[in-house]
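Accompanying notes for the structure given below.
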Amino acid sequence: MRHIISILIENEAGALSRVSGLFSARGYNIESLTVAPTEDASLSRMTIVSVGSDDIIEQITKQLNKLIDVVKVVDLSEAAHIERELMLVKVRATGKDREEMKRVADIFRGRIIDVTESSYVIELTGNTAKLDAFLDAIDRSLILETVRTGVCGIGRGDRILRV
Amino acid sequence: MQLTGAEIVIRCLQEEKVEHVFGYPGGSVLFIYDELFKQDQIKHVLVRHEQGAVHAADAYSRSSNKIGVCMVTSGPGVTNAVTGIATAHMDSIPLVVITGQVPTAYIGQDAFQEADTVGITRPCVKHNFLVKSIDELAVTIKKAFFLASSGRPGPVLVDIPKDITTQKCDFQYPKQIAMRSYSPVVKGHAGQIKKALQILLDARRPIMYTGGGVILSEAAEKLTRLTHALGFPITQTLMGLGGFPATDKQFLGMLGMHGTYEANMAMQHADVVLAIGARFDDRVIGNPAHFGEISRKIIHIDIDPSSISKRVKVDVPIVGNVPDVIDEMLKQLSALDAKPEGKALAAWWKEIDGWRSRQCLKYRQGKEVIAPQFVVEKLYEVTGGDAFITSDVGQHQMFAAQFYKFNKPRRWINSGGLGTMGFGLPAAMGVRFANPKATVACVTGEGSIQMCIQELSTCKQFRLPIKIINLNNGYLGMVRQWQEMFHGNRYAESYVDALPDFVKLAEAYGHVGMRIDKPADVEPALREAFIKHKNDLVFLDFIIDPKANVFPMVAAGKGLSEMILSEDL
């Protein structure tokens, strides 16, 4: 099953490699990993999407907790949560495709943030399925480049992950 | 007062009451060695290879419950130390490893003797640090000692760039340290303990299965009390030997791949397993699917939550420090004033006695060729069962574990997890430094001993009267055994041709060498070594039966009760 694991970790050099090294050393799977400092600059927040049986996910959370730099670990997918991913897509936008591309971007509440005579860069935010749906909706041959941040997530309501 | 980084390193070690540092100097640690030279509180033990330094520090800790400390230079100093660090990591041994690094400005430039120490060692340490500023040096060393010895212990490495050892700052050693990201659980959950006791009291075929965690947490005495209070059979892992007296009638012997018939049968057929400081690894329970074919309740006490339900599903997990948990168990047990179900237990013991009567460790000692088991039995007799025994890896290690009866903790020193050949001799050095009057023997083989044989020179320098029991069969015995049993007798590269004359080799290093090839000479030779040559290092080269195999054996991937027993039975 797919799980979204959120980690608060000391914002130290090498902290990321401790986490990624753990996953590769123990053969755990990473679908995506995002990391950035929090409002407290001494802490980073990491979101990892992983797929595995309940036993494996339990081991992953235990092994993450065992890392000395890790302050807290929570499996967001255990309860109500929100997940978002940001994607930038550079597409060819010429002739009749130019108008069509704008229309599809609008439908998906995307924004065009760079315009040239022949291309757009479209910014799109949503869950993974929505971003996938957008890519399916446009003509694949027009896609020049895509970049996605990977999932970040947060618990709903009173579920708060902080020190 | 302002001190240099090098002075700070030494002051920190002094504050931690470190008495011995095992190490090897080199370019990037020269300033630290200079400060070491100027003081006499800390004794430095110069080894002949960095691997030896780490093994010695490791066994120093294993045999004393102090933190082992070693110091090596950057680059090859570190890479040579990695095997030792990984060995300590697998067996959860508290070490502080101080490594030199090239100057900060050179890092990343492929400088002379530069290696990414933090990167290379990351997977085989509990934690590691690269010191980036002189201001954080003292607190980092404090953290290293704290982390190494608390929770589930392990090696912690501190990498110090050379320029930091010459910079100055005010020195203040923190008395205590708190880390928001690290707070190991000590006390076990009282409710879980209550639940566990209920299951234990209702058990009809219980077994206690304990490991290295009992030794590391100094819980042997409490474990013995609990075992006597419950009256249950107890078995131990290779790492757990000595946690309960081996001569006690409740002890079934070691379990696992080369465990006794009775221990493995009892483990497989138990209805309740009380696991303490052990981790159900592949060499212990064999195939987990086969183990799972019989349903049983498992209670697991461990300080590391990630050890619980890793290989087998646990019914009652108790996370905590073993002696604290046992204390609580004993307290609750006496408050309950209840005894385990006597009739069922008596029937269970009767069944176990049936398994015991197979005498699975029986071997034949003829008149011509020395059986390796015989050597270990005689070693046990001659040393009164009271020696510190270090070991390498292979058949000799298993014979030592099976035939030397350890009644006390911290007497059996071996690389259980990583299985590192070359561990035994440097380990014996570490044991002797931690226990300056103790009898120390290294049970080894002609394959293993050659992996760190250069330390015979260190032994000479420090006059360490270690007795090396070399079980010489001219083969990498365990490899040969597997090839005989599972690879159609094709002995690929397991015969060690061109062996040295170990007697002359020992003499060349300034020690005493003896070669023994007759069964009748075994005991006299041991007596001569341990009594007449009490103060010498003696290399006893026992020429043993090249065909001897270790039994019982659970083949890799097989179930615990699918043992292969000795042909002699």
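Computed from the coordinates by the stated procedures, all read-outs in this text should not be read as laboratory data. It should be emphasised that the depicted structure is a prediction, and the values quoted were computed from it without experimental measurement. Methodologically, a virtual Cβ is constructed for each residue, glycine included, from the backbone with ideal geometry; neighbour enumeration extends over all protein chains shown.
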Three-way shape call for the protein assembly as shown based on the alpha-carbon gyration tensor, with the a/c threshold at 1.5: prolate
Give the residue from B:CYS12, B:HIS300, B:ILE32 lying farthest towards the positive end of the charge dipole for chain B; charges sit on Cβ (+1 for Lys and Arg, -1 for Asp and Glu) and the dipole is referred to the Cα centre. B:HIS300
For region B:416-569, averaging the sequence separation of alpha carbon pairs under 8 Å that lie six or more residues apart and dividing by its residue count, the contact order in percent is 22
Over all residues in A:62-74, what is the mean tally of Cβ atoms on other chains that come within 10 Å of each residue's Cβ? 4
Shape call for region A:1-91 from the C-alpha gyration tensor, a ≥ b ≥ c root eigenvalues: rounded (a/c under 1.5), prolate (a/b greater than b/c) or oblate? rounded
Viscosity 1.306 mPa s, 10 °C: Kirkwood-radius Stokes-Einstein D of chain B over Cα pairs, µm²/s: 64
In region B:429-519, what trypsin sites (Lys or Arg not before Pro) fall in a loop by DSSP, with at most 13 other Cβ atoms inside 10 Å? B:LYS437, B:ARG463, B:ARG490
Using Cα positions and a limit of under 17 Å, work out the lysines in reach of B:LYS350, with same-chain residues fewer than 8 apart set aside. B:LYS249
Mind putting a number on the dipole of region B:1-78 about its Cα centre? Charges go on the C-beta only, +1 for Lys and Arg and -1 for Asp and Glu, and I need it in Debye to the nearest 20. 200
Suppose only helical runs count, i.e. DSSP H with n ≥ 4. What mean residue ellipticity at 222 nm does that imply for chain B under -39500 (n - 2.57) per run, divided by all residues and rounded to the nearest 500 deg cm²/dmol? -10500 deg cm²/dmol
Treat every Asp and Glu Cβ in the protein assembly as shown as -1 and every Lys and Arg Cβ as +1, leave all other atoms uncharged, and give the resulting dipole magnitude about the Cα centre to the nearest 20 debye. 1480
Semi-axes of the equivalent ellipsoid for chain A, Cα gyration tensor, largest first, Å: 35, 16, 15
Return the Rg/Rh value of region B:429-479, two decimal places, where both radii are evaluated on C-alpha atoms and Rh is the Kirkwood radius. 1.02
May I ask you to list the lysines whose Cα is less than 22 Å away from that of B:LYS558, ignoring any residue fewer than eight positions away on the same chain? B:LYS297, B:LYS310, B:LYS313
Measuring from centroid to centroid over Cα atoms, what is the spacing of region B:494-569 and region B:92-138 in Å? 40
Positive-pole candidate from B:MET451, B:LEU379, B:PRO184, dipole of chain B, charges at beta carbon: B:PRO184
Sequence neighbours fewer than 8 away in the same chain don't count; with that in mind, list the aspartates and glutamates whose C-alpha is under 12 Å from B:LYS168. B:GLU7, B:ASP135, B:GLU136
For a quick check: with amide H placed at 1.01 Å from N, whose amide H comes under 5 Å from B:GLN101's, ignoring anything fewer than 5 positions away on the same chain? B:ILE160, B:LYS162
Cα-based Rg of region B:316-454 per 2.2 N^0.38 Å, rounded to two decimals? 1.39
Restricting to Cα pairs below 8 Å that are 6+ residues apart, what does the relative contact order work out to for region B:146-288? Please round to a whole percent. 23
Do you know the relative contact order of chain B, to the nearest whole percent, from alpha carbon pairs under 8 angstrom that are 6+ apart? 14
Percent antiparallel among DSSP beta bridges confined to chain B, rounded to 5, stands at 10
How do B:TYR60, B:TYR106 line up, fewest other C-beta atoms within 10 Å first? B:TYR106, B:TYR60
Region A:82-134 - Rg and Dmax from Cα coordinates, angstrom: 11.1, 38
In terms of the alpha carbon gyration tensor, root eigenvalues a ≥ b ≥ c, rounded if a/c is under 1.5 and otherwise prolate when a/b exceeds b/c or oblate, region B:67-182 is oblate
